[in-house]
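Undergrad: Dumping the structure here so I can ask a few things about it.
The values are calculated or read from the model by the stated rules, or taken from the named source; none is laboratory data. Not measured: the values here are computed from a predicted model. Here the Cβ positions follow ideal geometry from the backbone for every residue, glycine too, while neighbour counts run over all protein chains shown.
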Amino acid sequence: DAKTTQPTSMDCAEGRAANLPCNHSTISGNEYVYWYRQIHSQGPQYIIHGLKNNETNEMASLIITEDRKSSTLILPHATLRDTAVYYCIVREDGGTSYGKLTFGQGTILTVHP
Amino acid sequence: GAVVSQHPSWVICKSGTSVKIECRSLDFQATTMFWYRQFPKQSLMLMATSNEGSKATYEQGVEKDKFLINHASLTLSTLTVTSAHPEDSSFYICSASRPGNQPQHFGDGTRLSIL
């Protein structure tokens with residue numbers, strides 16, 4: 001089972017920031033938070049990941065709370081092409097499950113003109 | 001950036017035939033690749049973990065004799081759906097990862113339709 005919970009859907013106006021929340025209250029100390037998105041009929045696209053510090057790259061920013069029980073993905077200036085399903089995933093670590101990604105239902109983000 | 005190539009993009013075939021799907025990592029060596037399946041309006045479900053030079057590890061409920069996985073080199077893993085039937089119709093997606101805590105990168109998927 002997925003170890004994260006996300007809202008089913010969200011809307012955002014084009015040009016505004018999209019803030020996508022994720023709860024992962026049972027995260028372990030050595031587990032990372034990964035974000036992917038999937039545009040219809042394509043494979044998932046890696047966005048960003050982090051452990052405890054906030055992270056930023058050319059696509060997005062990731063804000064992780066101090067207790068690590070939740071995080072927020074921020075798309076600073078959403079465009080119509082950002083409409084997709086966004087998955088927040090806690091990545092298992094160690095043993096035979098090393099590297100496995102367990103996908104939940106994700107958040108359907110719709111960016112409106 | 002890292003690129004994972006998957007081939008074919010889509011395939012339509014008759015019930016009872018076998019279908020092979022290829023997954024290649026184009027600019028890095030992938031000791032581990034993963035195969036997922038996605039039914040319409042559902043999320044991705046991990047089928048198996050493919051390890052170069054050893055047997056694949058299958059998730060519970062996935063028939064290893066039906067979904068044959070071969071990872072003969074550090075850049076290629078193949079998934080063969082044997083004796084495919086209409087219920088095997090789905091979107092099959094592979095991913096590859098460098099060793100260590102590196103992101104998995106996904107192929108564009110293969111849409112399989114069994115008539």
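Residue-wise test of (1) assigned to a loop (DSSP other than H, G, I, E, B); (2) under 23 Å from residue B:44 (Cβ atoms); (3) at the interface with another protein chain (Cβ under 10 Å from one of its Cβ atoms).
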| site | (1), (2), (3) |
| --- | --- |
| A:25 | yes, yes, no |
| A:46 | no, yes, yes |
| A:62 | no, yes, no |
| A:71 | no, yes, no |
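Undergrad: Restricting the stretch B:27-54 to residues that are hydrophobic (A, V, I, L, M, F, W, C) and part of a loop (DSSP other than H, G, I, E, B), which is farthest from residue B:103 (Cα to Cα)?
TA: B:39
Undergrad: Looking at the stretch B:103-115 only, could you name the residues that are in contact with a Gly (Cβ under 6 Å, 6 or more places away or on another chain) and surrounded by fewer than 21 Cβ atoms within 10 Å (Cβ to Cβ)?
TA: Correct list: B:108 only.
Undergrad: All but one of (1) outside any loop (DSSP other than H, G, I, E, B); (2) within 30 Å of residue A:31 (Cα to Cα); (3) touching a residue at least 40 places away in the same chain (Cβ under 8 Å) hold for residue B:20, so report the exception by its number.
TA: (2)
Undergrad: So, one more: Please work out which one of (1) assigned to a loop (DSSP other than H, G, I, E, B); (2) within 12 Å of the chain's Cα centre (by Cα) is the condition residue A:34 fails and give its number.
TA: For residue A:34, the exception is condition (1).
Undergrad: Filter the stretch B:85-115 down to the residues that are among the charged types (D, E, K, R) and either in contact with a His (Cβ under 8 Å, 6 or more places away or on another chain) or within 17 Å of residue B:8 (Cα to Cα) (or both) and list them by number.
TA: Of everything in the stretch B:85-115, those that are among the charged types (D, E, K, R) and either in contact with a His (Cβ under 8 Å, 6 or more places away or on another chain) or within 17 Å of residue B:8 (Cα to Cα) (or both) turn out to be B:88, B:108, B:111.
Undergrad: Would you confirm whether any residue within the stretch A:89-105 is more than 22 Å from residue B:49 (Cβ to Cβ), in a loop (DSSP other than H, G, I, E, B) and either within 10 Å of chain B (Cβ to nearest Cβ) or in contact (Cβ under 8 Å) with a residue 24 or more places away in the chain (or both)?
TA: Within the stretch A:89-105, one or more residues are more than 22 Å from residue B:49 (Cβ to Cβ), in a loop (DSSP other than H, G, I, E, B) and either within 10 Å of chain B (Cβ to nearest Cβ) or in contact (Cβ under 8 Å) with a residue 24 or more places away in the chain (or both).
Undergrad: Condition test on residue A:85, is it in a strand (DSSP E or B), closer than 26 Å to residue B:32 by Cβ, touching a residue at least 24 places away in the same chain (Cβ under 8 Å) and in contact with a His (Cβ under 8 Å, 6 or more places away or on another chain)?
TA: no
Undergrad: Something else: Test residue B:100 against the criterion of being within 14 Å of another protein chain (Cβ to nearest Cβ), out of contact with any strand residue (DSSP E or B) (no Cβ under 9 Å at 6 or more places or on another chain), at pLDDT below 95 and surrounded by fewer than 19 Cβ atoms within 10 Å (Cβ to Cβ), and give yes or no.
TA: Yes.
Undergrad: So which residues in the stretch A:30-50 are more than 16 Å from residue A:106 (Cβ to Cβ) and touching a Lys or Arg at 6+ places or on another chain (Cβ under 8 Å), if there are any at all?
TA: A:31, A:32, listed by residue number.
Undergrad: Let me ask something additional. For the stretch A:22-55, which residues satisfy the criterion of being β-branched (Val, Ile, Thr) and either in contact with a Pro (Cβ under 9 Å, 6 or more places away or on another chain) or crowded, with 16+ Cβ neighbours inside 10 Å (or both)?
TA: If the condition is that a residue be β-branched (Val, Ile, Thr) and either in contact with a Pro (Cβ under 9 Å, 6 or more places away or on another chain) or crowded, with 16+ Cβ neighbours inside 10 Å (or both), then A:27, A:33, A:47, A:48 are the ones that fit.
Undergrad: Also, I was wondering about something else. Please return the ranges of strands (runs of 3 or more DSSP E) entirely within the stretch B:55-115 where 3 or more residues are touching a Cys at 6+ places or on another chain (Cβ under 9 Å) and under 22 Å from residue B:17 (Cα atoms).
TA: Ranges flagged: B:76-81, B:110-114.
Undergrad: Another one. Conditions first: (1) in contact with a helix residue (DSSP H, G or I) (Cβ under 8 Å, 6 or more places away or on another chain); (2) modelled with pLDDT of 95 or more. Residue B:83 passes all but one, so which condition is the exception?
TA: Evaluating residue B:83 over (1) in contact with a helix residue (DSSP H, G or I) (Cβ under 8 Å, 6 or more places away or on another chain); (2) modelled with pLDDT of 95 or more leaves (1) as the failure.
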